[in-house]
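This report refers to the structure that appears directly beneath it.
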Amino acid sequence: MNQKKFDIGIFKLRALDRFILSELMGPFFFGMVAFTIILVAGSLLFKMADLVIQRGVSLGIVIRLFLYYLPRLVAFTIPMSCLLAALLGFGKLSANSELVALKSAGLSFQRIIRPVIMASFVISICAFFVNETLVPISERAASNVMVYEVFKESPPVFKEKIFLKEESGGSLKRVIYINKMKITSGNMEEIVIEEFEAGRLNRIVSAKSAKWVSGSWWIENGNVFEINKSSNVNHLFKFDKQELTLNLNPSEIARSSDSPDEMTIPELYSAIKLAERNGSDTGPLWMILNLRISVPWACMVLALVGAALGSRPQRSSSSMGLGLSVIIVFVYYVIMSFTSSLGEAAYIPPFIAAWIANITFLIIGTILCRRANKLG
């Protein structure tokens, strides 16, 4: 008999979870559509119109570009939609006094929001995989369409105007400028190497060409100049061939100018290691990598905040919920932008900077949930 009552109780709780999730599904998809339209109208639509009017791009290419840019916008709207769904869904439950009835039946607010936490957890996982798989592919495809079909450029054979910087102990050691490099062979043209000592430029090496031979770089037909402390330039000697110490192969040098938006997390990590070997500043790349991990989990923390705010004893329309969601998301991204700048500048570690916004809203959501649990 007791087992039967227990099974009935479990069944009722599962039915409650399904009921709450059904109340959230409509607002979630409404939020996806509404926020995507807002973002499209705010930025992408003007860009597409400019391509048609100013550059005479065909409608077919514009539609393809629109589809390629859409995944990033959709990924951006997922946390916003979770917030709106929880806000409107629990606002409806509160307006219909259903939350009061559930609490009167002995259910805590923490138990009532359990399906929200579970659903937002699954959505966070999905958002992470969308950002990691679909978005980089679509960004790369959009970039190719812009370069080869809109601007009518040929597939790249050369990389031009490449700068490589090396540092040691926080001070600049060497800067290498490459005017042109053939991607397939690694042959370079017009190389200038500036060497520094104690922060002062003391030597310049210029060469007409360079080749990648048996795992080493060799610069050819060059000159070596010395810069004394009075900034006078003295020509030391000419050379026909000289080895260049550079721990990068041609493909690594070519990848050094790729856009981070087109990279997956493993590719970003490789780019960071490559930049470290060059002596370049890796703060921005570390920040982007950590944000790739932290931002999808905004779905959970914003859903928690939305559920707590929606449960307050007030009646609000969908337009009010949409406006409140925009304000909350705006505050979230302001905090994230501020901490990201601090992380890029190395004032705080990038890992911590990427999670401050989530932690802040998690604390706010927890406090609001505790207050909601006390409201009868």
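Out of the total accessible area of the chain (probe 1.4 Å, heavy atoms of protein only), what percent is carbon and sulfur?
62 percent
Quick check on the chain: helices-only [θ] at 222 nm, where DSSP H runs of length 4 and up contribute -39,500 (n - 2.57) each and the sum goes over total residues. Nearest 500, please. All intermediate terms of the calculation are to be shown ahead of the outcome.
Values: 13 runs with 220 residues, N = 376.
Taken over the chain, the calculation gives -19500 deg cm²/dmol.
Can you work out the FRET efficiency for the pair PHE237 and ASP281, with r the C-beta to C-beta distance and R0 = 30 Å, to the nearest 0.05?
Calculated value: 0.35.
If you stretched the chain out fully between ASN221 and GLU98, how much longer would it get, using 0.36 nm times the residue separation minus the C-alpha to C-alpha distance?
Contour length minus the Cα-Cα distance gives 36.0 nm.
Taking the Cα centre of the chain as the origin and placing charges on Cβ (Lys, Arg +1; Asp, Glu -1), which of SER294, ILE178, ILE265 is farthest toward the positive end of the dipole?
Positive-most Cα among the choices belongs to SER294.
Modelled label-to-label distance, GLU132 and ARG370, 7 Å Cα→beta-carbon offset: nm?
According to this spin-label approximation, the distance is 3.4 nm.
With label points built 7 Å along Cα→Cβ from the Cα atoms of GLN110 and ILE53, find their separation and express it in nm.
Placing both labels 7 Å beyond Cα along the Cβ direction yields 5.7 nm.
May I ask you to give the solvent-accessible area per residue for the chain, in square angstrom, as obtained with a 1.4 angstrom probe?
Normalised by residue count, the accessible surface of the chain is 54 Å².
On a full-extension model of 0.36 nm per residue, what is the gain between SER171 and SER341, subtracting their alpha-carbon distance, rounded to one decimal in nm?
Working it through step by step, the gained length comes to 59.0 nm.
Restricting things to Cα coordinates, could you compute the convex hull volume per residue of region 22-145 in Å³?
98 Å³
With only alpha-carbon atoms counted, please give the Rg and Dmax of the chain, in Å.
So, for the chain, Rg and Dmax equal 28.2, 100 Å respectively.
Quick one, could you list the DSSP H helices from the chain stretching 30 Å or more along their long axis (Cα atoms) with average Kyte-Doolittle hydropathy of 1.0 or above?
Result, helices passing both filters: 59-95, 318-344, 350-374.
The values are calculated or read from the model by the stated rules, or taken from the named source; none is laboratory data. Everything numeric in this text was worked out from a predicted model, so none of it was measured. Quick reminder, even Gly has a Cβ in these numbers, built from the backbone with ideal geometry, and neighbours come from all protein chains shown. These accessible areas exclude ligands, DNA and RNA; they are computed on the full protein's heavy atoms, side chains included. Shrake-Rupley method; radii C 1.70, N 1.55, O 1.52, S 1.80 Å.
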